[in-house]
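Comments concern the structure below.
The values are calculated or read from the model by the stated rules, or taken from the named source; none is laboratory data. Quick caveat: nothing in here was measured; it's all calculated off a predicted structure. Reconstructed Cβ throughout: ideal geometry from the backbone, glycine too, with neighbour counts over all protein chains shown.
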Amino acid sequence: MAASGSRRSFDGHGSVSNSEEWRDVTDVGVQTDARVQGLAPRLSKVNLFTLLSLWMELFPKKEQEHRRKDATADSGLVVVQECKVLGLHCSSVQLHAGQVAVVKHGPRLKGCDLYFSRKPCSTCLKMLINAGVNRISYWPSDAEISLLSTDNADSRHQDAILDATAAERLKSNSRIHICVLLQSLGSNMLQFVDETSQNCEFLEKIAADNLDVADVFKQERLNNLSDFSGRFLVEDEEQHRYVLNKMGLENFCVEPNFGNLRQHMKDLIKILASVAAGVPVLQRGYGFFTRDLQVLGSSALPQDVVRHCIIQARLLACRTEDPKVGVGAVIWAEGKQSQCDGTGRLYLVGCGYNAYPVGAGYAEYPQLDHRQEERQNRKYRYILHAEQNALTFRSTEIKDEENTMMFVTKCPCDECIPLISCAGIKQIYTTDLNSGKVRHDISYLRFNKLSGVQKFIWQQKCSDFEEQAAPQISTTLHQRSDNVEVLSVRGRQNHPE
Ligand SMILES: [Zn+2]
Ligand SMILES: [Zn+2]
């Protein structure tokens with residue numbers, strides 16, 4: 001379902017006009033409407049990739065990574081190839097996010113769709129246009145080289161304006177679709193994400209420890225909203241109009257476009273705030289800890305990095321096709337070199353959410369709500385689990401000599417455990433609320449016995465845990481103790497849809 005991916009409307013100069021961009025915003029109706037399916041609402045792909053790009057801008061970095069020499073803002077980037085996420089990146093001290101993509105993917109960028117958290121500068125744009133990407137979309141707030149300045153005589157500001165002009169010239173001389181793609185949310189999407197976030201297993205675990213979860217969630221959501229708004233929205237309307245004008249988005253500056261644009265942006269920020277609040281930063285020592293200290297393995301990732309990756313998985317879960325439980329899974333590996341990405345040595349292997357098999361049309365499989373328990377059970381014979389999709393549609397091989405980590409929003413079931421083990425995953429970060437239980441057709445009896453994979457479980461840190469979070473990403477490599485064959489999952493390259 002590549003509704004927006006296949007839509008390319010050019011004027012005579014090969015560029016797309018603002019009014020066409022706006023139409024993209026409003027009428028590419030891939031936001032699956034609850035009324036169509038009679039189910040919970042889903043996040044559209046465009047909105048999912050946009051939110052992932054914003055979230056990647058916030059990837060936790062080591063201290064020295066914060067010290068940039070120039071005035072370029074950090075930015076996040078999602079590289080999508082044929083609806084499959086090829087890479088999640090962010091800028092580093094040395095490189096802008098667009099440059100990271102060129103260094104990491106090179107010729108594989110041809111035909112890809114790129115989602116940026118800011119409009120990339122002309123230095124990035126010229127290389128991406130040259131690489132033959134299909135489309136570049138960006139979040140319509142301040143640009144990578146900030147256009148916000150109170151002092152017009154400021155030489156940095158003059159440079160920023162020159163760069164914006166160069167970016168516009170590059171755009172109008174290329175055939176690449178460079179645009180703003182945002183889609184309005186389904187009517188009950190915000191409420192749905194609030195509810196599912198507040199009821200997610202990470203908060204359920206905290207509730208089990210007798211903390212006031214509603215309060216924790218509310219406070220965390222408010223903090224997020226304030227942080228994210230400050231970062232991703234231009235509060236002052238006149239300043240926002242100024243920035244849009246300089247970026248060649250004059251048509252967004254007139255009403256009703258301007259008001260609509262700002263509302264869409266605010267709504268998406270609310271979604272991000274709620275999703276992230278599902279895994280709160282608590283002062284009470286909650287985090288992902290293991291009891292498998294006897295297993296020789298890689299050091300744990302820092303807690304802020306783990307939380308970031310789990311929230312990526314929570315965002316993916318917002319695209320679930322399962323009417324009852326959305327699950328997201330992300331697989332990252334720790335490479336041996338290449339510090340150019342803001343993620344350090346971490347690189348994305350794959351990601352997925354629970355969904356019906358690729359190519360399944362609407363209503364081909366039972367899609368029932370939770371009140372239809374008896375028939376609901378049958379659904380589980382058809383749904384692909386998030387872990388299965390992340391493995392099947394991964395963008396790179398899993399290397400036995402590297403630490404490959406899976407982050408999943410729900411305890412892996414017995415159907416997934418052998419896949420995870422045989423695929424060569426070395427660490428898993430998840431919750432274990434269902435571990436040891438049988439729910440409907442799904443059992444979770446094998447997770448506890450899973451050996452050869454370090455399990456890091458969301459829980460309150462207690463004194464019998466040794467200090468596990470390494471100050472920085474470790475180079476220690478885990479030697480597999482079992483002698484299992486590495487599962488070879490090849491085949492279709494399309495992301496489930
Ligand atoms: Zn740049
Ligand atoms: Zn499963």
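Assorted remarks:
- Taken across region 98-106, residues that are more than 16 Å from ligand 2 (Cβ to nearest atom), of a type in the set (A, V, I, L, M, F, W, C), under 18 Å from the mean Cα position of the chain (by Cα) and within 25 Å of F232 (Cα to Cα) do occur, with at least one present.
- Selection within region 237-249 - free of Cβ contacts under 8 Å to residues at least 60 places away in the same chain and either crowded, with 21+ Cβ neighbours inside 10 Å or closer than 23 Å to T165 by Cβ (or both): E238, R241, N245
- The set of residues in region 436-446 that are more than 10 Å from ligand 2 (Cβ to nearest atom) and buried (at least 17 other Cβ atoms within 10 Å of the Cβ) contains only R446.
- Leading residue by the ranking (modelled with the lowest pLDDT) among those in region 368-379 that are under 20 Å from N434 (Cβ atoms) and buried (at least 17 other Cβ atoms within 10 Å of the Cβ): Q376
- When the residues of region 138-152 are filtered to those that are at pLDDT below 90 and hydroxyl-bearing (S, T, Y), the one that is nearest to the chain's Cα centre (by Cα) is S149.
- Scanning region 95-123 for residues being surrounded by fewer than 23 Cβ atoms within 10 Å (Cβ to Cβ), basic (K, R) and in contact (Cβ under 8 Å) with a residue 40 or more places away in the chain gives a total of 1.
- Selection within region 404-431 - within 14 Å of ligand 2 (Cβ to nearest atom) and assigned to a loop (DSSP other than H, G, I, E, B): T409, K410, C411, P412, C413, D414, E415, C416, I425, T431
- Residue in region 193-210 that is closer than 21 Å to S117 by Cβ and hydrophobic (A, V, I, L, M, F, W, C) present: yes
- Elements of type strands (runs of 3 or more DSSP E) in region 108-184, at least 1 residues being more than 16 Å from ligand 2 (Cβ to nearest atom) and aromatic (F, W, Y): 113-116, 135-138
Let's see how each residue does on (1) within 16 Å of ligand 1 (Cβ to nearest atom); (2) buried (at least 24 other Cβ atoms within 10 Å of the Cβ); (3) without any contact (Cβ under 8 Å) to a residue 40 or more places away in the chain:
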| position | (1), (2), (3) |
| --- | --- |
| E402 | no, no, no |
| M405 | no, yes, no |
| I417 | no, no, yes |
| Q427 | no, yes, no |
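- Applying the condition of being surrounded by 19 or more Cβ atoms within 10 Å (Cβ to Cβ) and touching an Asp or Glu at 6+ places or on another chain (Cβ under 7 Å) to region 161-190 and asking which residue is nearest to L125 (Cα to Cα) yields C179.
- Every pair of residues 6+ apart whose Cβ atoms lie under 6 Å, when the first sits in region 124-142 and is among the charged types (D, E, K, R) and away from ligand 1 (no atom under 14 Å from the Cβ) while the second is at pLDDT 95 or above and not in a loop (DSSP other than H, G, I, E, B): R135/D113
- Condition met for V193 (on the phi < 0 side of the Ramachandran plot and touching a Ser or Thr at 6+ places or on another chain (Cβ under 7 Å)): yes
- Residue match in region 295-307 (condition: assigned to a loop (DSSP other than H, G, I, E, B), modelled with pLDDT of 95 or more and in contact with a Ser or Thr (Cβ under 7 Å, 6 or more places away or on another chain)): no
- Residue check for F49: modelled with pLDDT of 90 or more and under 15 Å from Y347 (Cα atoms): no
- Among the candidates V193, V216, residue that is surrounded by 13 or more Cβ atoms within 10 Å (Cβ to Cβ) and within 20 Å of the chain's Cα centre (by Cα): V193
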